[in-house]
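> Sharing a structure below in structure tokens format, with a few things to ask.
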Amino acid sequence: MGAKTCLLVVDPEVAKLGISDKALESLKKRGIGTEVFTDVDPEPYLDSADKAAELGRETGADLVIGIGGGSAMDTAKAAAALVGNKGEAAQYVGLNLLPEPGLPTVMIPTTAGTGAEVTFTAVFTNRQTNAKGGINSEHMFPDCAILDPELTVSMPPNVTAATGMDALTHAIESYTSRSSTVFTEALALQAIRLIGENLRRAVFNGDNPHARESMLMGSLLAGAALADAGVGACHALAYPLGGNYRISHGLANAVLVANVMEFNLPAAQRRFAAIARSLGETMPGLSERSLAQRAVEAVRTLSRDIGIPGSLQDLGIPRSDIPTLVEGALKVARPVENNPRVLTPEDAVQIYEKTF
Ligand SMILES: [Fe+2]
């Protein structure tokens with residue numbers, strides 16, 4: 001890519017484990033300058049993107065490499081974009097607000113979840129309002145992604161579980177999205193199959209290379225599907241849990257997804273039946289409706305098996321906050337619009353209630 005100085009945005013835990021050292025060594029061997037930024041919060045605030053961009057500008061970086069999960073990759077993508085544009089991250093939260101392309105980027109995921117290595121979005125929390133919002137722009141697509149399952153082997157079981165459920169949610173929501181296409185549907189169904197077959201094994205036997213590789217590929221395909229088709233109501237309902245209570249994005253989706261599927265089922269029965277088949281729920285003679293219901297149950301069982309908490313109460317969220325959660329969720333415009341069933345404020349209340 002012709003780079004002379006690289007800015008590496010690395011998750012601090014990943015840096016501690018020495019996972020980024022290999023990348024640093026190989027860059028240095030080629031005589032490429034390196035600057036490392038590790039001030040990445042989980043569910044990052046907008047200012048971490050500004051700080052990373054500042055380091056990129058100061059050091060004259062001409063390439064940004066993101067190493068970590070969604071938080072590190074999103075910070076890297078936003079930092080690269082900000083170096084090519086004036087101002088701060090906050091002013092670009094929205095759709096297609098970046099006028100100029102930024103620096104080229106390379107993404108190296110160490111979780112199998114977000115698919116951020118192939119999406120055009122980077123999600124941040126606003127420190128003042130606690131609202132989560134994305135910088136969404138054509139200029140945010142990474143130029144290169146390196147998928148090495150070995151880098152995901154050290155991920156602990158609870159992180160494997162939560163991020164894996166995020167990837168599954170991407171696949172399910174993009175498959176049932178109103179913006180889906182034949183192309184994204186093919187990607188999503190294959191992602192559902194890979195994740196359904198391998199998430200338990202990746203959680204319970206983390207050094208199984210085949211399970212790790214399949215999860216990474218599943219998360220990639222789901223990311224590619226959501227890049228075109230978008231996500232749905234589960235992501236909208238999950239955002240305020242991250243913004244207001246710092247619940248990790250994967251966990252927030254994981255707790256809600258089966259209940260959101262149940263809500264959407266009557267509006268997309270055939271699609272949910274196809275999801276059930278991809279999850280291995282094939283029983284001859286079963287009606288389409290029963291098969292669709294099995295998709296919901298299969299996801300619920302998977303979630304329970306891998307230790308995802310069963311309710312919002314388990315996550316310590318006060319029930320009295322439902323009105324605030326609903327208000328936040330309905331502001332997440334694109335996922336709400338893509339959802340196969342219209343989501344009213346009353347529906348959102350009901351889904352949250354059920355998840356308590
Ligand atoms: Fe997600």
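The values are calculated or read from the model by the stated rules, or taken from the named source; none is laboratory data. Computed from a prediction, not measured in an experiment: that's the story for all the values here. All Cβ positions, even for glycine, are placed from backbone atoms using ideal geometry, and neighbour counts span all protein chains on display. Only protein heavy atoms, including side chains, enter the accessible area calculation; ligands, DNA and RNA are left aside. Shrake-Rupley method; radii C 1.70, N 1.55, O 1.52, S 1.80 Å.
> Grab the DSSP H runs of the chain that are 4 residues or longer, score each as -39,500 (n - 2.57), total them, divide by all residues and round the 222 nm result to the nearest 500 deg cm²/dmol.
One gets -17000 deg cm²/dmol as the mean residue ellipticity at 222 nm.
> Given a 10 angstrom Cα cut-off, can you work out which residue in Val106, Val118, Val342 is the most mobile in a GNM of the chain?
Of Val106, Val118, Val342, the Gaussian network model singles out Val342 as fluctuating most.
> Can you give the local net charge around Glu346? Use residues other than it whose beta-carbon is closer than 15 angstrom to its beta-carbon, Lys and Arg +1, Asp and Glu -1.
Surrounding charge for Glu346 is -1.
> Still on this model: To the nearest 10 degrees, how steeply does helix 157-175 sit against the main Cα axis of the chain, on a 0 to 90 scale?
70
> Ranked by accessible surface with a 1.4 Å probe, highest first, in what order do Asp50, Asp21, Asp143 come?
Listed by decreasing accessible area, they come as Asp143, Asp21, Asp50.
> Moving to a separate point now. Residues with beta-carbon under 10 Å from that of Ser179, excluding Ser179: net charge, scoring Lys, Arg +1 and Asp, Glu -1?
0
> Ok, one more. Using a probe of 1.4 angstrom, how much of the accessible area of the chain is carbon and sulfur, in percent?
52
> Given the options Ser320, Ser180, Ser278, which has the most mean-square fluctuation in a GNM of the chain, springs set between C-alpha atoms less than 10 angstrom apart?
Answer for the Gaussian network model of the chain: Ser320.
> So how exposed is Thr121, as accessible area in Å² (1.4 Å probe, rounded to 10)?
For Thr121, the solvent-accessible surface is approximately 30 Å².
> Something else about it: Calculated FRET efficiency, Glu197 and Glu58, Cβ-Cβ r, R0 56 Å, to nearest 0.05?
Step by step, r from the Cβ atoms, then E = 0.75.
> Sticking with this one: Find out how many positive minus negative residues lie around Val123, taking Lys and Arg as positive, Asp and Glu as negative, among other residues whose Cβ is under 9 Å from that of Val123.
Neighbour charge sum, excluding Val123 itself: -1.
> Okay, next question. To make sure I understand the rule: partners must be lysines, Cα under 20 Å from the Cα of Lys28, and not fewer than 8 residues away in the same chain. Which ones qualify?
Lys4, Lys16
> To continue, here is another question. Please calculate how many Å² of accessible area the chain carries per residue, with a 1.4 Å probe and no DNA, RNA or ligand atoms counted.
Using a 1.4 Å probe on heavy atoms only, each residue of the chain averages 41 Å².
> Using +1 at the C-beta of Lys and Arg and -1 at the C-beta of Asp and Glu, which of Gly328, Val257, Ala238 has the Cα lying farthest in the positive direction of the dipole of the chain?
Selected residue: Val257.
> Helix 233-245: angle to the longest alpha-carbon principal axis of the chain, degrees 0 to 90, nearest 10?
60
> Quick one: putting +1 on the C-beta of Lys and Arg, -1 on the C-beta of Asp and Glu, what dipole do you get for the chain around its Cα centre, in Debye to the nearest 20?
Charge dipole, the chain, about its Cα centre: 580 debye, nearest 20.
> With r as the distance between the Cβ atoms of Asp314 and Ala131 and R0 = 35 Å, compute the FRET efficiency 1/(1 + (r/R0)^6) and round to 0.05.
About 0.90, to the nearest 0.05.
> Angle, helix 269-278 long axis vs. longest principal axis of the chain, Cα atoms, 0 to 90°, nearest 10?
70
> With θ set to phi - 60° and the Karplus curve 6.51 cos²θ - 1.76 cosθ + 1.60, what are the ³J(HN,Hα) couplings of the range 51-59 in order, to the nearest whole Hz, using x for Gly and Pro?
Whole-Hz 3J(HN,Hα) from phi for the range 51-59: 5, 5, 5, 4, 4, x, 5, 4, 8.
> Full-extension gain between Lys29 and Lys86, please, as 0.36 nm times their residue separation minus the C-alpha to C-alpha distance.
Net length gain for the segment: 17.2 nm.
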